[in-house]
Structures are given as structure tokens and as C-alpha cells.
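The values are calculated or read from the model by the stated rules, or taken from the named source; none is laboratory data. Predicted, not measured: the structure shown is a model, and the values here were computed from it. Every residue, glycine as well, gets a Cβ built from its backbone with ideal geometry; the counts of neighbours run over all protein chains shown.
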Amino acid sequence: MNEEQGSGKPQETLVTDRQMYNLVTDTVAGPNIRLKDNLIQGISIFASLLLGAGIGALVIHDRLAGALVGGFVGLVLGLLGSGIVLMIYRIIRHAQGRHD
């Protein structure tokens, strides 16, 4: 039970404005302002773009067209994939009560 010693009153859980903003943007909608999350997503998208461009250039006969198409596909898949991974990570963190 969450009671302060001797007072008999329940202890209140204080949520800062930043934690409330993060909770709303993680669960409803809005821009994510966490630098770590944005760096992870940016690096993931860039790596997926390069990987897609390389695979596209090897698979399609016209190397430039293959690199462009593969790069675009890698960009989209990197965006969606990293977004989904971050979403699941943030859901788990919120479920654990960590609203950093």
C-alpha cells in the first residue's frame, strides 16, 4: 500500500509536464522530441536506404534505376520498421511506469 508513514494519506504520484507530453505523444499522436529516439530512427532509416540502394543496384539490370528504386524501398521500410520498433519499446516502457 502506498501510504506515507504516520499520516495515513495515500502518497500522490507526481507526473511532470514533460512526462505527460511524452505519454500523449507516445500513445496518441504528436512529434517525438527525444534526441535518442530520433537518432536511432535516423540511423536506421539511413542504413536501410543504403542497403536498399545496394540491393536494388545488384538486382536490376540498370544500376542507377535499381539504386533509386531500392533506395526508396529501403527508405520506406526503414521508416516503418524503426517506427514500429520504437513504438513497441515505448509501450513497454510506459507499461513499466517509466515515462521518461
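Tabulated data
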{"item": "Failed criterion for I91 (all others in (1) without any contact (Cβ under 8 Å) to a residue 40 or more places away in the chain; (2) surrounded by 11 or more Cβ atoms within 10 Å (Cβ to Cβ); (3) β-branched (V, I, T) hold)", "result": "(1)"}
{"item": "Matching residues in segment 33-43 - criterion: being within 14 Å of M87 (Cα to Cα) and not hydrophobic (A, V, I, L, M, F, W, C)", "result": "R34, K36, D37, N38, Q41"}
{"item": "Test: residue in segment 59-66 that is at pLDDT below 95, touching a helix residue (DSSP H, G or I) at 6+ places or on another chain (Cβ under 8 Å), surrounded by 17 or more Cβ atoms within 10 Å (Cβ to Cβ) and in a helix (DSSP H, G or I)", "result": "no"}
{"item": "Condition met for V69 (of a type in the set (A, V, I, L, M, F, W, C), in contact (Cβ under 8 Å) with a residue 12 or more places away in the chain and either assigned to a helix (DSSP H, G or I) or within 30 Å of R18 (Cα to Cα) (or both))", "result": "yes"}
{"item": "Positions within segment 73-100 being at pLDDT 90 or above and not aliphatic (A, V, I, L, M), in sequence order", "result": "G74, G78, G81, S82"}
{"item": "Residue list for segment 1-56, filter: among the acidic types (D, E), at pLDDT below 70 and surrounded by 11 or more Cβ atoms within 10 Å (Cβ to Cβ)", "result": "D26"}
